[in-house]
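The values are calculated or read from the model by the stated rules, or taken from the named source; none is laboratory data. It should be emphasised that the depicted structure is a prediction, and the values quoted were computed from it without experimental measurement. Note that each Cβ is placed from the backbone with ideal geometry, even for glycine, and that neighbours are counted across all protein chains shown. Each accessible area value is taken on the protein alone, full model and side chains, heavy atoms only, with ligands, DNA and RNA left out. Shrake-Rupley method; radii C 1.70, N 1.55, O 1.52, S 1.80 Å.
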Amino acid sequence: GKHEHGIHSYASAVQAWGSQRGPFDALSRVELHAAVMMNTTEVVELEGNSSNETGERQVETLHEADARLARRKAPDPFKGSEEEVEVPDYRATLFSARPVDADAPATEGPEGVLPAGFLPNASFETLEQRRFEVFQREGTLVNFTLRLDGQVLVLDPVPLVRAVAHWEPEGMYDHCIDGGGAHAIGGKCWVFQRLLRVCVQVAQDADGAWRLAPRVEDDNSSYGCSYSRGSWAAATYENVHLPFLISQDWGYEENRAFSFDDFTLSVRSAHDPLFTALALTRGSMSFGWTQAEEDVFGIVLIIIGVVLCFQPMRAICLGYWKQRRGPREISNGRYPGAGDTSPWNNISPKSWHSRQKDPHPETLGMRYAPDEGSQNHEREHDP
């Protein structure tokens, strides 16, 4: 069954992980560099003005930050699930950098800790339509660069904030506002999101060089750890609720900047059995029912089907039987058989029913006539 096949494939991936994890575990230094182009306002002195008046202009500045990722043990993905007793136990290794602890100073933290302000605040006022995507608008982009023992891996630009649209009917079935979205002209529901974490898969090529490991042949950006509908995304976002309305020119009545102090970044091996489990279960992390459970469910469905079909089948059978018997059987008896030589055998059913309704001349009025035995008995006891 599907369940048994999934368990066997995952167990094989866990067994192979023992021999494939060596190069990844041998990494000694994993570093992260983030670069963000920001639009800022600069106060400048107006030229040709003797009163020393000042003005403002928009300039682009570069926000850069660096961090070092720490080696950590990943928990068993099936810990506490129903499949825990069926799948082998394993713990993978990953490199990650997490937000600075609340008790730690807001400066360059130790290994594996992202300092406060690692990513700059971003506002949804920076949303723009890119890559000819009608249903998505992206804000400020951040460029991540990884260094694995000196080898440089460049990730695709990731927007700090974005807006994703989908069709949502207005009225009683409108759930756009419940999900933190806002309706725009044309029936689109725009959901606003901010960057929460980034996770990538890496592998070694034949020459021993590290590279990003896409899992889909025709998609070079499918090197992420987040599985959804056959795609592997590196960036994970969370919805945010914004109390504003969208105008025709994509303006806002109210807006504010969001921080990314809870941002995390992880690097995992492409041979990690976790990704095999995600692909086999299509992201649900459940291998489905066992063969025995499917058999029991099938028997239950058969019983339910028989019970539900009993009355309709009974009505069909009775109707078929009555149609076959036709007028050859009535409530008072049967018609003469086909081999009966009686002249009544030539009487049609219609005339037979009409004759049954007409009283016989000899028995007319005899329904309440006393029988002969009762009359003789009365005469014997008559004085």
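Which residue, of Pro88, Pro105, Pro99, Pro110, is modelled with pLDDT under 85 and under 22 Å from Lys73 (Cα atoms)?
Going through Pro88, Pro105, Pro99, Pro110 in turn, the sole match is Pro110.
All but one of (1) open to solvent by 30 Å² or more (accessible area, probe 1.4 Å); (2) closer than 30 Å to His33 by Cβ; (3) of a type outside the set (A, V, I, L, M) hold for Asp295; which doesn't?
With respect to (1) open to solvent by 30 Å² or more (accessible area, probe 1.4 Å); (2) closer than 30 Å to His33 by Cβ; (3) of a type outside the set (A, V, I, L, M), Asp295 is out only on (2).
Identify the residue in segment 54-85 that is open to solvent by 100 Å² or more (accessible area, probe 1.4 Å) and of a type in the set (Asp, Glu) and, among all such residues, is modelled with the lowest pLDDT.
Looking at residues that are open to solvent by 100 Å² or more (accessible area, probe 1.4 Å) and of a type in the set (Asp, Glu), I get Glu56.
Can you tell me which residue is farthest from Asp66 (Cα to Cα) among those in segment 136-173 that are at pLDDT 85 or above and in a loop (DSSP other than H, G, I, E, B)?
Gly139
Working only within segment 192-215, note down all residues that are under 27 Å from Thr126 (Cβ atoms), surrounded by fewer than 20 Cβ atoms within 10 Å (Cβ to Cβ) and aliphatic (A, V, I, L, M).
Once the filter is applied, which keeps residues that are under 27 Å from Thr126 (Cβ atoms), surrounded by fewer than 20 Cβ atoms within 10 Å (Cβ to Cβ) and aliphatic (A, V, I, L, M), segment 192-215 yields only Leu196.
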